[in-house]
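This report concerns only the one structure given below.
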Amino acid sequence: MKVLNENQLEGEIKSQNGKTYKANSNCIWSIQAPKNYKILAKFKYFSIEREDVCGFDYVMLFTGKIDNLNSDGAKSEGVFCGTMNAPQNVGDDDWKDKALLIPSQDTNDGTLNRTMFENKWQDLGSRHAGLIFVSDSDTQGDGFVLEYKAVPIIKDVDIEHITNFYNYIHMKMLNFIRHDESQELSLIREEKVNKTIARLHRGVNKKCFSLSKNQVPLQIQQDAKLVDSITGYFNPLMKAVTASHTKCRTRHQHAWNRRLERLGFYISDV
């Protein structure tokens, strides 16, 4: 199982390390995000032996917890074979023994059956997800790479606690980025934001961190909820750093000013 935390919120699953995947494979990968997070995923690469009902080799994407194919805790989000340009998926009229884990139909209407292959992050809406990969004894393809990441769930949340405060701003900044039309540029910006927020989370464990009961001052919370631009979050972030690192050296605050300035260089036109 791949267990994520606030300092490690993304990764990838590969079918193999060599050029082609192994015959007679039967593999399960599980991903678990932290509480109050959900998993996003997309295929970076996909080449699995194609067949009309994916009857030979297939990849099953699921949400929920799973121990085996008959697990009651799993819900299939798609069963795939083929390639990035020509993916194939299975309906529940095929393979009756797997009906509980296979989508009811191929709707071709923008569901995960298609959008997983469009190089756009897809919201799985769960903190538990994973893949099942099965291959037979004949005809192996080049395999697959699934990228995944965990993002905070934004509700009408209480952002008084410093962790919730950082998670709230993290999700809001990512929402701004995802409206950008340039996919390549969006990925670069997301990476920069993810690294910055992860570093802020690590700062909570510094010896000089000092914030009573880890509670963010009310005014800073209110400032964060009134922001209407991505760089607008720099001000409440810097205020939170200042308030929580009063026992740290002055240069620590200067360092965070510089980090946010550098981040602004990448995201200022979002």
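Quick one: is GLN105 assigned by TED's automatic domain parsing to the domain that holds SER30, part of a strand (DSSP E or B) and at pLDDT below 90? Taking the combined requirement at face value, the residue does not satisfy it. Residues satisfying the criterion are present in the stretch 229-244 (criterion: of a type outside the set (Ser, Thr, Tyr), in the same structural domain as ASN175 (by TED's automatic domain parsing) and over 19 Å from ARG199 (Cβ atoms)). Restricting ASN167, ASN113, ASN194 to those that are in contact with a strand residue (DSSP E or B) (Cβ under 6 Å, 6 or more places away or on another chain), modelled with pLDDT of 90 or more and part of a helix (DSSP H, G or I) reduces the list to ASN167. Go through the stretch 218-270 and give me each residue that's in a loop (DSSP other than H, G, I, E, B), surrounded by fewer than 16 Cβ atoms within 10 Å (Cβ to Cβ) and not basic (Lys, Arg). LEU226, ASP228, SER229, THR246, SER268, ASP269 - these are the residues of the stretch 218-270 that are in a loop (DSSP other than H, G, I, E, B), surrounded by fewer than 16 Cβ atoms within 10 Å (Cβ to Cβ) and not basic (Lys, Arg). Taken together, the criteria exclude ASP123 from residues that are in contact with a Phe, Trp or Tyr (Cβ under 9 Å, 6 or more places away or on another chain), at pLDDT 80 or above and either under 21 Å from GLN8 (Cα atoms) or assigned by TED's automatic domain parsing to the domain that holds ASN17 (or both).
Tally the residues that are in a strand (DSSP E or B) and in contact with a Ser or Thr (Cβ under 9 Å, 6 or more places away or on another chain), restricting the search to the stretch 20-44.
Matching residues across the stretch 20-44 total 5.
The values are calculated or read from the model by the stated rules, or taken from the named source; none is laboratory data. Because the structure is predicted, anything quoted here is derived from the model rather than measured. Note that we place each Cβ from the backbone using ideal geometry, even for glycine, and neighbour counts take in every protein chain shown.
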